[in-house]
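Okay, structure first, notes after.
The values are calculated or read from the model by the stated rules, or taken from the named source; none is laboratory data. Everything numeric in this text was worked out from a predicted model, so none of it was measured. Here the Cβ positions follow ideal geometry from the backbone for every residue, glycine too, while neighbour counts run over all protein chains shown. SASA here: full protein model, heavy atoms, side chains in, ligands and nucleic acids out. Shrake-Rupley method; radii C 1.70, N 1.55, O 1.52, S 1.80 Å.
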Amino acid sequence: MTRVTDSSALSTLRHDVPASLVVFLVAVPLSLGVAMASGAPLAAGLIAAVVGGIVAGALGGSAVQVSGPAAGLSLVVADLVQTYGWRATCMITLLAGAVQLLLGVFRAARAALAVSPAVVHGMLAGVGVVIALSQLHIVLGGSPQRSALANLIELPRQLAELHGHKIAVGLLTIGVLAVWLRMPKPVKAVPAPLAALLIASASAWGFGWDVTRIDLSGTFTEWAFPVLPQGDWHLIMASVLLVALLAGVESLLCSVAVDSMHTGPRADLDQELAGQGVANMVAGALGGLPLAGVIVRSTANAHAGARSRASTILHGVWVLVFAIGFGWTIQLIPVEALAALLVFIGVQMVNLGHIKKVHGHGEVPAYFVTMAGVIFLGLAEGVLFGLALAALLALRRLTWVTVKTRVEPDGRHHATISGSLTFLGVPRLTQDLRAIPAGAAVDLDLDIDFMDNAAFEAIHSWRQDHERLGGTVDIDELHEEWYAMAVSGVRMYPAKNPARAPDRSWLPWAHRRRGPAHRVMPLHGTPVQPDCQLTLGAREFHRRTAPLVRPIFTELARKQQPTHLFITCADSRVMPSLITASGPGDLFTVRNIGNLVPRKGSEAYDDSVGAAIEYATQVLGVHTITVCGHSGCGAMAGLLSGGVKAGSLPAMRRWLRHGNHSLARFIETEGDRLDGNALDTLCRVNVQQQLENLRTYRKVDEQIRSGRLKLVGLYFDIGSARVHMLPPVPSTLSVKT
């Protein structure tokens with residue numbers, strides 16, 4: 001127990017303490033900036049940072065996530081401060097924390113992840129633009145307006161009335177932030193926000209610039225308990241829910257993102273949400289800003305090597321020590337430098353990487369609608385519009401139907417219907433299907449995950465009409481058998497998961513034709529009796545597999561380069577490509593009764609097997625020869641029973657003479673004991689004997705001795721569908737030259 005404690009303490013000293021100092025240096029300027037953007041007392045940002053570190057860090061469910069005042073909540077807080085006042089805003093924060101705590105206790109965290117990331121990223125981008133526009137006026141020496149549109153309209157006039165020293169401080173701050181990441185690694189050890197504020201403050205003090213100083217009079221000493229907001233309680237409760245949900249979703253998304261940055265334990269999202277709730281209750285009671293998991297601080301914490309929550313908690317302690325002992329130094333920071341920091345942060349919140357991600361999923365409209373709504377209407381309105389559009393886009397994707405048709409070289413029409421078949425897609429469905437010429441032979445693939453009654457009736461009616469006019473329709477359902485179940489009269493609802501159609505690429509023919517789709521003809525209800533399974537199989541290959549493997553076979557058409565010679569039994573139950581997961585061009589295969597390799601130079605030598613061995617080793621240059629036997633081999637059973645009578649199967653009798661060495665080896669090791677395992681034992685011994693027979697071929701033996709060729713023995717247990725590797729025995733044969 002002591003050893004574990006010592007190890008934990010050592011890990012904290014080596015990893016968590018240095019990381020906590022890095023996060024502390026990042027957190028202080030960002031907390032001040034968010035408080036300034038929120039229209040709250042600057043101390044509220046530091047209080048939220050302390051509570052986010054100590055309380056959320058201790059009670060949360062993420063190992064390295066860091067919580068604190070979030071820029072994404074600044075617009076909500078600013079509006080609440082203007083509407084209800086600061087003390088009432090603190091009460092809203094406290095109540096929002098209670099809502100988060102309840103959601104965490106009732107394990108509702110996963111539901112929050114259902115919010116489209118496009119809406120979340122669009123919201124953050126919109127908040128970033130609003131912050132940048134408002135704080136840009138302060139950088140230019142003016143005052144921000146009440147809305148983003150007003151700030152945009154006022155910007156030209158503000159540019160015409162530049163204030164020299166103030167804009168110099170702002171531009172210097174932005175310049176330091178922009179170039180800091182390109183500085184040498186030892187310099188970058190100091191966080192860019194801290195470096196920018198230090199350089200801007202030192203320059204303003206050294207050159208005697210006329211700048212606006214931060215006023216902290218009474219900030220750290222005046223405190224009063226939050227008061228209940230006055231006004232319409234419906235709006236107040238809506239504000240509470242808005243703060244709770246925005247802060248909760250941002251924290252949970254941050255937790256998921258941070259999990260990919262470290263190898264420690266994964267986040268418990270319900271515990272994290274409950275911890276955030278308690279922290280917001282404490283922050284509201286102490287007069288702090290609403291807090292959430294912050295990606296900038298969490299990323300800094302993970303990259304600095306944090307291993308546990310100790311780093312997050314310690315960073316809160318350092319912020320507390322700074323606020324109590326060195327809070328007066330904040331007055332040395334120019335307001336314009338802090339505003340420039342917020343402009344830079346706001347621009348960074350419009351992340352082009354997020355736009356690229358949502359573009360790949362077709363969610364760009366939701367992103368930009370949310371962003372525009374936040375900028376021009378407000379945070380709540382923008383989020384609601386974004387959620388509504390995201391829901392419409394999802395509904396559109398759920399009801400979108402694609403119909404692709406092509407004419408095969410044999411004249412058959414191949415149609416593929418993809419998507420979810422509902423009544424909304426019926427017009428498009430019927431239009432494309434009726435474009436197929438009457439009397440044509442049609443292969444119809446249904447690549448669907450749902451079919452309602454209207455869609456079924458549309459397809460079924462078209463099929464009946466098409467077949468009545470002399471055409472044929474072969475329907476193949478690639479996933480779930482919605483159409484087949486509807487034809488057979490099975491109740492579709494509430495059966496949400498109909499029986500899945502088998503993957504017919506490897507099933508036996510008999511198993512492929514068991515589904516209702518292959519038993520019922522729509523016009524007369526008569527069973528389908530395929531007259532030629534090979535023809536049907538070839539047709540299925542042309543429809544399903546050929547388009548996928550055609551590029552491979554086009555390349556293989558010029559030359560084959562197999563790496564293995566695979567000698568196995570002609571038994572129908574042994575499929576080399578299936579049991580070895582090999583593909584076209586991998587195996588040069590020889591199949592015969594009993595997977596026998598006739599000895600070179602023997603009286604009953606067989607040229608067909610010998611030719612394959614010579615061609616594989618001397619022309620194709622294979623690296624491995626594998627002999628694969630199997631359980632229950634009929635050839636080995638014939639050897640055990642004394643062979644085949646001369647009059648019944650003379651060719652078989654002559655061929656099985658190549659297995660006499662296997663039988664002799666079996667008798668040598670097992671004697672006359674013929675128990676229930678004797679056949680399978682002989683099957684295994686036979687594989688090892690054939691590996692030895694291979695070395696009677698001089699070229700094979702030379703390549704084995706030089707290390708250019710390897711022999712492998714496999715045994716396929718059919719009953720358990722398992723492949724076992726058998727070791728070859730040392731050769732005692734003299735190779736003839």
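Counting just the residues of the range 139-153 that are among the small types (Gly, Ala, Ser) and at pLDDT 80 or above, which one comes out farthest from PHE344 (Cα to Cα)?
To start, the set of residues in the range 139-153 that are among the small types (Gly, Ala, Ser) comprises 141-143, 147-148, 150.
With at pLDDT 80 or above added as a condition, the list becomes 148, 150.
Working: ALA148: 16, ALA150: 20 Å.
The residue in question is ALA150.
Would you check which residues across the range 353-362 are of a type in the set (Gly, Ala, Ser) and either free of Cβ contacts under 8 Å to residues at least 12 places away in the same chain or not in a loop (DSSP other than H, G, I, E, B) (or both) and list them?
GLY353, GLY360
Give all pairs with beta carbons closer than 6 Å in which a residue from the range 576-587 that is under 16 Å from HIS724 (Cβ atoms) meets a residue that is open to solvent by 40 Å² or more (accessible area, probe 1.4 Å) and of a type in the set (S, T, N, Q); count only pairs at least 6 apart in sequence or on separate chains.
Close Cβ pairs (under 6 Å, with a partner that is open to solvent by 40 Å² or more (accessible area, probe 1.4 Å) and of a type in the set (S, T, N, Q)) amount to PRO576/THR589.
From the list VAL369, VAL321, VAL350, exactly one residue is crowded, with 17+ Cβ neighbours inside 10 Å and either free of Cβ contacts under 8 Å to residues at least 60 places away in the same chain or part of a loop (DSSP other than H, G, I, E, B) (or both). Which is it?
Among VAL369, VAL321, VAL350, only VAL350 is crowded, with 17+ Cβ neighbours inside 10 Å and either free of Cβ contacts under 8 Å to residues at least 60 places away in the same chain or part of a loop (DSSP other than H, G, I, E, B) (or both).
Whether any residue in the range 147-158 is in contact with a helix residue (DSSP H, G or I) (Cβ under 7 Å, 6 or more places away or on another chain), outside any helix (DSSP H, G or I) and touching a residue at least 24 places away in the same chain (Cβ under 8 Å) is what I want to check.
Looking through the range 147-158, none of the residues is in contact with a helix residue (DSSP H, G or I) (Cβ under 7 Å, 6 or more places away or on another chain), outside any helix (DSSP H, G or I) and touching a residue at least 24 places away in the same chain (Cβ under 8 Å).
Looking at the range 95-141, which of its residues are part of a loop (DSSP other than H, G, I, E, B), open to solvent by 20 Å² or more (accessible area, probe 1.4 Å), in contact (Cβ under 8 Å) with a residue 24 or more places away in the chain and hydrophobic (A, V, I, L, M, F, W, C)?
ALA108, LEU113, VAL115
Looking only at residues that are touching an Asp or Glu at 6+ places or on another chain (Cβ under 7 Å) and in a loop (DSSP other than H, G, I, E, B) in the range 396-446, which one is nearest to ASP476 (Cα to Cα)?
ARG412
Within the range 103-119, is even one residue of a type in the set (Gly, Ala, Ser) and at pLDDT 90 or above?
yes
State yes or no: is THR219 in contact with a Pro (Cβ under 7 Å, 6 or more places away or on another chain), at pLDDT below 85 and either part of a loop (DSSP other than H, G, I, E, B) or of a type in the set (A, V, I, L, M) (or both)?
It is true that THR219 is in contact with a Pro (Cβ under 7 Å, 6 or more places away or on another chain), at pLDDT below 85 and either part of a loop (DSSP other than H, G, I, E, B) or of a type in the set (A, V, I, L, M) (or both).
Looking at (1) modelled with pLDDT under 70; (2) out of contact with any helix residue (DSSP H, G or I) (no Cβ under 7 Å at 6 or more places or on another chain), which one does SER505 not meet, given that it meets all the others?
Among (1) modelled with pLDDT under 70; (2) out of contact with any helix residue (DSSP H, G or I) (no Cβ under 7 Å at 6 or more places or on another chain), SER505 violates only (2).
Please go through the range 383-435 and give me each residue that is open to solvent by 90 Å² or more (accessible area, probe 1.4 Å), of a type in the set (D, E, K, R) and more than 30 Å from THR370 (Cβ to Cβ), ordered by number.
Of everything in the range 383-435, those that are open to solvent by 90 Å² or more (accessible area, probe 1.4 Å), of a type in the set (D, E, K, R) and more than 30 Å from THR370 (Cβ to Cβ) turn out to be LYS404, ARG406, ASP410, ARG434.
Does the range 552-581 hold any residues that are over 24 Å from ASN686 (Cα atoms) and open to solvent by less than 50 Å² (accessible area, probe 1.4 Å), and which are they?
PRO562
Which of the residues spanning the range 57-82 are in contact with a helix residue (DSSP H, G or I) (Cβ under 8 Å, 6 or more places away or on another chain) and of a type in the set (S, T, N, Q)?
Correct list: SER62, GLN65, SER67, SER74.
Would you check if ALA538 is assigned to a loop (DSSP other than H, G, I, E, B), modelled with pLDDT of 75 or more and open to solvent by 30 Å² or more (accessible area, probe 1.4 Å)?
When the stated conditions are applied, ALA538 does not pass them.
Considering only the range 661-670, state which residues are under 13 Å from VAL597 (Cβ atoms) and surrounded by fewer than 20 Cβ atoms within 10 Å (Cβ to Cβ).
So in the range 661-670, the residues under 13 Å from VAL597 (Cβ atoms) come out as 661-662.
Once the filter is applied, which keeps residues that are under 13 Å from VAL597 (Cβ atoms) and surrounded by fewer than 20 Cβ atoms within 10 Å (Cβ to Cβ), the range 661-670 yields only HIS661.
Could you list, in sequence order, the residues of the range 440-467 that are open to solvent by 20 Å² or more (accessible area, probe 1.4 Å) and either within 32 Å of the chain's Cα centre (by Cα) or polar (S, T, N, Q) (or both)?
Result: ASP447, ASP449, PHE450, ASP452, ASN453, SER461, GLN464.
Go through the range 686-702 and give me each residue that's under 47 Å from the mean Cα position of the chain (by Cα) and open to solvent by less than 20 Å² (accessible area, probe 1.4 Å). Outline the logic, then answer.
So in the range 686-702, the residues under 47 Å from the mean Cα position of the chain (by Cα) come out as 687-688, 691.
Correct list: VAL687, LEU691.
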